[in-house]
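Derivation of every value follows stated rules applied to the coordinates shown; laboratory data play no part. The structure displayed is predicted, hence computed values, not measured ones. No Cβ is skipped: glycine too gets one built from the backbone with ideal geometry, and neighbour counts run over all protein chains shown.
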C-alpha cells in the first residue's frame, strides 16, 4: 500500500514538473511573458494596444468563411392599378411614386353657359387648336414614360381622348380625359390633364368653346 501511494506521488510530481516546463517554454517564446491581453500585442518586450480597426476585425477573423448578408431595401410605390404588383428593382432605384395632384382641375362640363351678349362670334380654328395640342405631345409622352418606369409590365398602347372647354381668354376652364385601363396606371390621366390645364391657348373674341382631341399611345 505504501508503495502505491509513493508511486502516485511520484507521478503527480512528474506531471506538475512537465506542466511547469511547458509553461516556462511558452513564456520563453513570448518576449512579453504572456502578459498581453486580447486588445494588446507584444512589440519587443512591451504590450502595446491594438488599433481600433484591428480590434473590430478580430471577431470576424475567428470565424472564417462567415459573411454578413445584406438586406435589400424595397421602395414604396403606388398610384395605379399595378402599384401592388410593382417589382423590387424599380423600388430599389426610384423614389416612392407620387401621382400628379389634379383635384383642383375642373372636369369638362356640358352645363349651359351664360353667354356674354357683347362678345363676338369668333372661335379658334381646328388648325390652331391642333397646333397647340401637338406642342404638348412631348409632355404627354413624359407622363407615359414615368408610368412605364414604375410599372413592371409593358403598359401597352391605346388612345387618350380629351374633351376641353376653353374661355375666350384662352384659359382652360375644364378638361376630361378617357382611356383604356392599361393607360390609367401610375397617374397617367392626372398627369396629362394637368398638362392641358396649365397650357395657355390664344385668346379670341367669342363665347366659350369645346375642343375634342385624341392622343395615340404605343
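By what distance, in whole Å, do the Cα atoms of segment 120-217 stretch along each of the three principal axes, largest value first?
Principal-axis extents of the Cα atoms in segment 120-217, largest first: 52, 20, 18 Å.
For residue 126 paired with residue 178, estimate the spin-label separation in nm (one decimal), with each label point 7 Å from Cα along the Cα-to-Cβ line.
According to this spin-label approximation, the distance is 2.0 nm.
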